[in-house]
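The values are calculated or read from the model by the stated rules, or taken from the named source; none is laboratory data. Quantities reported herein were computed from a predicted structural model and do not represent experimental measurements. Note that each Cβ is placed from the backbone with ideal geometry, even for glycine, and that neighbours are counted across all protein chains shown. Calculation scope for accessible area: heavy atoms of the full protein, side chains included, ligands and nucleic acids excluded. Shrake-Rupley method; radii C 1.70, N 1.55, O 1.52, S 1.80 Å.
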Amino acid sequence: MIKAPGRTRIKICGLTRPEDVDAAVAAGADAIGFVFYPKSPRYVTPEQAAALVRRLPPFVMAVGLFVNETPARLAASLEQVPLNLLQFHGDEGPADCSILGRPYIRAARVQPGLDLVQYAADFGGARALLLDAFVEGYGGGGHVFDWRLIPPQLDLPVILSGGLNPDNVGDAVRRVRPVAVDVSSGVEAAKGIKDHQRMADFVAAVRAADQG
């Protein structure tokens, strides 16, 4: 597996409100994720996302999460929202992810029997693999998967997701050493509503783990 440098990057996903975007940035998030999947309780329209992205300062990335989106709707979203990175969470194949020529990361729903080495090879054009828990539907559902299922050698950087929160992310960083961690429900007061103190505590826990 491609190991993380000294500083683990942090993505906070599923933001829907301006004040939560501001608090995530103030806490030290490196990337903010916006969900474009209409069935998600954290869904934002392209118009809403565009307004939220305008609040981001330089060097904080805007990431768009998509699930089985048509190329036309994907292109329409990108025309409205200046996203730095695409994140695919559905059943997309390599051609679907790269059809617009934009940088992307590919989510893998980890469970016993999934060959992550082959998965990384299949999506060799991705910037990273985002490893999430397998649940029915799409997304990790706030569940932690068995980190021992991650092979020691992968040809893509790993972004660790799935049930992370301020209490367990330090252990996750020390054990897995991903290039980045991704959190959504673990820092929420309610679905789509972020808890500002939990976001700050999450970032602090990652930074403390980076030192240990």
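For region 183-212, the set of residues classified as open to solvent by less than 30 Å² (accessible area, probe 1.4 Å) and β-branched (Val, Ile, Thr) consists of Val183, Val187, Val203, Val206, listed by residue number. For Ser40, the test of being open to solvent by less than 30 Å² (accessible area, probe 1.4 Å) and at pLDDT below 95 is passed.
Under the condition of being closer than 15 Å to Val144 by Cβ and in contact with a Ser or Thr (Cβ under 9 Å, 6 or more places away or on another chain), the residues counted in region 170-212 number 6. Where helices (runs of 4 or more DSSP H) sit wholly within region 80-182, those with at least 3 residues that are open to solvent by 60 Å² or more (accessible area, probe 1.4 Å) and either under 29 Å from Ala200 (Cα atoms) or of a type in the set (D, E, K, R) (or both) occupy 169-176.
The set of residues from region 192-210 being among the charged types (D, E, K, R) and assigned to a helix (DSSP H, G or I) comprises Arg198, Asp201, Arg207, Asp210.
Of all the numbered requirements in (1) part of a loop (DSSP other than H, G, I, E, B); (2) open to solvent by 20 Å² or more (accessible area, probe 1.4 Å); (3) closer than 18 Å to Glu188 by Cβ, Leu15 misses one, and that requirement is (2).
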